[in-house]
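Engineer: Before anything else, here's the structure in question.
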Amino acid sequence: MNMTDPVADMLTRIRNAARARLAKVDIPASRLKAEVARILRDEGYVRDFKVIEAKPQGVIRVYLKYGRGKERVITDLQRVSRPGCRVYCGKAGIPKVFGGLGINILSTSRGLMTGRTAAREGLGGEILANVW
């Protein structure tokens with residue numbers, strides 16, 4: 001399978017798994033996707049993730065998180081910047097996601113971080129995704 005946008009594939013797998021109420025989802029590994037998974041965990045959207053080393057490419061196993069009545073923690077994930085249409089923002093122009101209830105994941109010169117962190121650090125960058 002030819003993959004032009006691995007991050008969009010990752011977000012789609014997580015979105016589909018959350019809608020199907022699965023406990024975990026496996027995603028082909030990359031450093032960028034591991035960082036996205038780390039941000040999702042740190043922000044409380046997923047329970048945890050594990051990078052499983054395997055040849056030729058490892059797997060990132062993401063453990064999804066649900067509320068008491070099995071309600072989803074992740075309502076939706078949305079790819080913003082795509083290979084065909086990159087979306088950048090300056091430190092002053094970082095958009096709010098869902099009125100501040102969601103997060104955006106930015107790729108900055110200092111690595112991946114949430115929009116909130118980037119604004120605090122005074123960094124802009126490429127908006128990879130919105131999560132709410």
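Engineer: Condition check: at pLDDT below 95, aliphatic (A, V, I, L, M) and under 19 Å from Asp26 (Cβ atoms). Does Ala54 satisfy that?
Structural biologist: yes
Engineer: In addition: Residues being surrounded by 14 or more Cβ atoms within 10 Å (Cβ to Cβ), part of a loop (DSSP other than H, G, I, E, B) and among the aliphatic types (A, V, I, L, M): count how many of those fall in region 1-29.
Structural biologist: Count: 2.
Engineer: Those residues that are touching a residue at least 60 places away in the same chain (Cβ under 8 Å) and more than 14 Å from Ile60 (Cα to Cα), I need them from region 13-24; list them, please.
Structural biologist: Arg15
Engineer: Quick check on this structure: which one of Arg86, Arg61, Arg47, Arg38 is under 15 Å from Ile127 (Cβ atoms) and either at pLDDT 95 or above or assigned by TED's automatic domain parsing to the domain that holds Ile127 (or both)?
Structural biologist: On inspection, the qualifying residue turns out to be Arg86.
The values are calculated or read from the model by the stated rules, or taken from the named source; none is laboratory data. For clarity, every value in this text was computed on a predicted model and none was experimentally measured. In this analysis, Cβ positions are derived from the backbone assuming ideal geometry, glycine residues included, and neighbour counts consider all displayed protein chains.
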